[in-house]
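The block underneath contains the structure these notes are about, expressed in structure tokens.
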Amino acid sequence: MSRNFGVVTQFEFALYPVGPEILAGLLVFPIGQAKQVLEKYREFVKSAPEELNVWVVLRKAPPLPFLPVNVHGKEVIVLAIFYAGDIAEGEKLINSLRSFGDAYGEHIGAQPYAQWQQAFDPLLTPGARNYWKSHNFTELSDGALDSIIEFAGKLPSPQCEIFVGLIEGAANRVPSDAMAYGHRDAKFVLNVHGRWDEVSQDETCIAWARTFFEASAPYASAGAYVNFMTGDEGDRVAAAYGVNFARLQQIKKKYDPENIFHNNQNIKV
């Protein structure tokens, strides 16, 4: 279903057993080691099992209790780790991640899945101003890594961050025309997350996100995930749906010719 469509009368979930505990947590490295961490990450995920997912976050360190006080507020590169298989096997895999650099600290352990789902909620409390931009990537080229590192060194507020999400796996095995989202070649998603508190910071933080988005565009692959698009990206809607856009326009014309459902990223006919 496209985000610009309609009336849901039934939704069926396919549930899968997880846990009861998963292995998850954070490894936090100095930003000065970002290049080597990203290069090793790029190689590591090529052969990592699907039970293991690792995302990369570049931001200023929040006051996490497992980090030294003098690291709080410094730029860091973080590996956010999730493993859904055997705990002992997961610990062996995570040992490889520790070799990526000299970490400031870590907080990793077995925990309920729901606990990990809530782990980042304290960073996203209501009230802040947000502006996101996003790219898909089939690979993380050297140019992409250099761009990420450059703009991680220009964070305009303590809450701004760049994160690289590994989405390779089951999503790539879905045919591109099976549903609205068609970019099944994407292996990574890059989110430029601008977040700040004061109206006076709007121009600076939005400009940072847009400039980074443009600088990283030459290394990105086609399309975007529509839920990561901002309100001023109406010109990217066709690209977001790719080969499926014309079919969505036909459905829109048939069921919503008056464009009643026009909020969010509008599919115009």
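Points to keep in mind about this one:
- Out of Asn53, Asn4, sole residue that is under 23 Å from the mean Cα position of the chain (by Cα), assigned to a loop (DSSP other than H, G, I, E, B) and crowded, with 18+ Cβ neighbours inside 10 Å: Asn4
- Qualifying residue in segment 150-172 (condition: under 25 Å from Arg247 (Cα atoms), out of contact with any Lys or Arg (no Cβ under 7 Å at 6 or more places or on another chain) and in the same structural domain as Thr204 (by TED's automatic domain parsing)): yes
- Checked against (1) among the basic types (Lys, Arg); (2) closer than 30 Å to Ser157 by Cα; (3) out of contact with any Lys or Arg (no Cβ under 8 Å at 6 or more places or on another chain), Lys46 passes all but a single condition, namely (2).
- Of all residues in segment 135-148 being of a type outside the set (D, E, K, R) and surrounded by fewer than 19 Cβ atoms within 10 Å (Cβ to Cβ), the one that is farthest from Ala207 (Cα to Cα): Thr138
- If only residues of segment 212-257 that are part of a loop (DSSP other than H, G, I, E, B) and polar (S, T, N, Q) are counted, the one that is surrounded by the most Cβ atoms within 10 Å (Cβ to Cβ) is Thr230.
- Any chance Glu75 is in contact with a Gly (Cβ under 8 Å, 6 or more places away or on another chain) and touching a residue at least 60 places away in the same chain (Cβ under 8 Å): yes
- Qualifying residue in segment 92-102 (condition: touching a Gly at 6+ places or on another chain (Cβ under 6 Å) and modelled with pLDDT of 95 or more): no
- Figure legend. Inter-residue proximity from segment 7-35: first residues over 19 Å from Val76 (Cα atoms), second residues part of a loop (DSSP other than H, G, I, E, B), beta-carbon distance below 6 Å, spacing 6+ or different chains. Indicated pairs: Val18/Ala84; Ile22/Ala84.
- Scope segment 6-23; condition in contact with a helix residue (DSSP H, G or I) (Cβ under 7 Å, 6 or more places away or on another chain) and modelled with pLDDT under 85; matching residues: Gly19
- Near pairs, Cβ below 8 angstrom, 6+ apart or cross-chain, from segment 238-253 (farther than 16 Å from Tyr225 by Cα) to any residue that is surrounded by 14 or more Cβ atoms within 10 Å (Cβ to Cβ) and not acidic (Asp, Glu): Gln249/Ile267; Ile251/Phe5; Lys252/Asn4; Lys252/Phe5; Lys252/Ile267
- Condition met for Ile260 (of a type in the set (Val, Ile, Thr), farther than 20 Å from Met179 by Cα and in a loop (DSSP other than H, G, I, E, B)): yes
The values are calculated or read from the model by the stated rules, or taken from the named source; none is laboratory data. Owing to the predicted nature of the structure, the values given are computational and were not obtained by experimental measurement. Every residue, glycine as well, gets a Cβ built from its backbone with ideal geometry; the counts of neighbours run over all protein chains shown.
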